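The values are calculated or read from the model by the stated rules, or taken from the named source; none is laboratory data. Since the model is a prediction, treat every value here as computed from it, not as a measurement. Note: ideal-geometry Cβ built from the backbone for every residue, glycine included; neighbour counts use all protein chains shown.
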Amino acid sequence: MNSTKLSIVDLTKRYAPGLEPAVDRLNMSVEEGHLVALLGPSGCGKTTTLRMVAGLMDPTSGSIVVDGKDITHTPVNKRGMGMVFQSYALFPHMDVAQNVAFGLQMRKVPAKEQAKRVAAALDMVQLGHLAKRKVRELSGGQQQRIALARALVVEPTLLLLDEPLSNLDAKLRETMRTEIRSIQQRTGATTLFVTHDQDEALDMADRIAVMNGGLIEQFGPPTEVYERPNTHFVANFIGQANFLTANVVSENGPATDGERYYKVDIEGLGTFGAVGHPGLTGTHELVIRPQRLQASLHAPLGANSITGTIERVSYTGDTLGFSVRAGERLLHAQLMTSSADMPRQGDTAHLSWEAADAYIIPKTPQGPAS
């Protein structure tokens, strides 16, 4: 069982008295060896949180504990952390090896040990052959890997990544997130990673902290925050979602992981199966992911079926998205493309789902897990 590497307790940052806090009594624990993504829109407090952990910004209140030691007021150069900035912050007048060695020089590591660790770090990012190259002669992806090597070579207590992929094109971003995750897992570096990109967070993180307005709305494994969102904001921010207002008719027995099956009524459409926390009554919001909807142009596929008219079709190569008007509601479905049975605008479509794929968002959110 992993031990806690980082504990953030009631961390708060106000930039001026009277202003709303940029970070508001944030609590979070990060296990050793895990990569945790701070995910959210611009202005949600994720970068402010990272900068306070790094020591680049003083918190208004609260504490930051690493390996059981309170470092809240420890100077940045005494925290032993490695950081990769959005701009990489490499030194253009130095070659690759000198850039990677910089942190070791600041720590007065002996020259022989420096050379050994720099060579190992460059081999780790597969750029040992470019040790004498000037950084301005490198591609964006190579610069990103050099910045990562420089952060890791000092064997940091924590690795902090501030949107390091945002300057790369889409294909290179996908390649580099795979490489970063692979390197992080090989080194076992406990990592805090800031991103606004949901795909990066879902693909790379052991756990995701979804932030909104300086607060963590949900903290958990990627599958949990995607499949079982705590709030409308989480469901809407991570991936696409259909939202339906549903009234609980009855609780129909146990599902999995402590959840219960329910029969719910959606006004004007009928009664359907769904899942949620035990003891739900009254009216709630139902969320169904477009990828969880099955579709047929010929006949309903199951008990949880809605019939409507296709208003829009979106072909993107690998997937086919389409919007179906059912009464006053517009539902979005997404399927893998096939040469057969391609829907067209104006066709009648039958959408259905498994009860376990329709999740009732609790009115009182479950608190963020630590």
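Condition first: surrounded by 13 or more Cβ atoms within 10 Å (Cβ to Cβ), in a loop (DSSP other than H, G, I, E, B) and of a type outside the set (Ser, Thr, Tyr). Can you find one or more residues in region 312-333 that meet it?
Restricting attention to region 312-333, the residues satisfying the condition of being surrounded by 13 or more Cβ atoms within 10 Å (Cβ to Cβ) are 313, 319-326, 329-333.
Those still in the list that are in a loop (DSSP other than H, G, I, E, B) too: none.
Taking every residue of region 312-333 in turn, none turns out to be surrounded by 13 or more Cβ atoms within 10 Å (Cβ to Cβ), in a loop (DSSP other than H, G, I, E, B) and of a type outside the set (Ser, Thr, Tyr).
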Six or more apart or on different chains, Cβ under 7 Å: which pairs go from a residue in region 177-188 that's within 15 Å of Glu200 (Cβ to Cβ) to one that's surrounded by fewer than 16 Cβ atoms within 10 Å (Cβ to Cβ)? Could you list them? Arg177/Asp203
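In this structure, is Glu217 assigned by TED's automatic domain parsing to the domain that holds Ser29, assigned to a strand (DSSP E or B), touching a strand residue (DSSP E or B) at 6+ places or on another chain (Cβ under 8 Å) and within 23 Å of Ala358 (Cα to Cα)?
Numbers: assigned by TED's automatic domain parsing to the domain that holds Ser29: yes; assigned to a strand (DSSP E or B): yes; touching a strand residue (DSSP E or B) at 6+ places or on another chain (Cβ under 8 Å): yes; within 23 Å of Ala358 (Cα to Cα): yes.
Answer is yes for this residue.
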Quick one: how many residues across region 1-49 are in a strand (DSSP E or B), among the β-branched types (Val, Ile, Thr) and buried (at least 20 other Cβ atoms within 10 Å of the Cβ)? 4
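Conditions tested, residue by residue: (1) closer than 19 Å to His350 by Cβ; (2) touching a residue at least 60 places away in the same chain (Cβ under 8 Å).
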residue: Asn236; (1), (2): no, no
residue: Gln240; (1), (2): no, yes
residue: Asp265; (1), (2): no, no
residue: Leu269; (1), (2): yes, yes
residue: His277; (1), (2): no, yes
residue: Gly308; (1), (2): yes, no
residue: Gly321; (1), (2): yes, no
residue: Val324; (1), (2): yes, no
residue: Gly327; (1), (2): yes, no
Could you go through region 12-31 and let me know if any residue there is over 20 Å from the mean Cα position of the chain (by Cα) and aliphatic (A, V, I, L, M). yes
Can you tell me which residues in region 76-92 are part of a loop (DSSP other than H, G, I, E, B) and either at pLDDT 95 or above or of a type in the set (A, V, I, L, M) (or both)? Met81, Ala89, Leu90
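Which one of these is in contact with a strand residue (DSSP E or B) (Cβ under 6 Å, 6 or more places away or on another chain), at pLDDT 90 or above, of a type outside the set (A, V, I, L, M) and over 29 Å from Thr175 (Cβ atoms): Asp95, Asp162, Asp70? Can you show your working first?
On the way: Asp95 fails: over 29 Å from Thr175 (Cβ atoms); Asp162 fails: over 29 Å from Thr175 (Cβ atoms).
Of Asp95, Asp162, Asp70, the one residue that is in contact with a strand residue (DSSP E or B) (Cβ under 6 Å, 6 or more places away or on another chain), at pLDDT 90 or above, of a type outside the set (A, V, I, L, M) and over 29 Å from Thr175 (Cβ atoms) is Asp70.
Tell me which residues, restricted to region 129-145, are surrounded by 13 or more Cβ atoms within 10 Å (Cβ to Cβ), of a type outside the set (Lys, Arg) and at pLDDT below 90. Full working, then the answer.
Applying the first criterion (surrounded by 13 or more Cβ atoms within 10 Å (Cβ to Cβ)) to region 129-145 yields 130-131, 133-135, 138, 140-145.
Filter once more, keeping what is of a type outside the set (Lys, Arg): 130-131, 135, 138, 140-144.
Within region 129-145, Val135, Leu138, Gly140, Gly141, Gln142, Gln143, Gln144 qualify.
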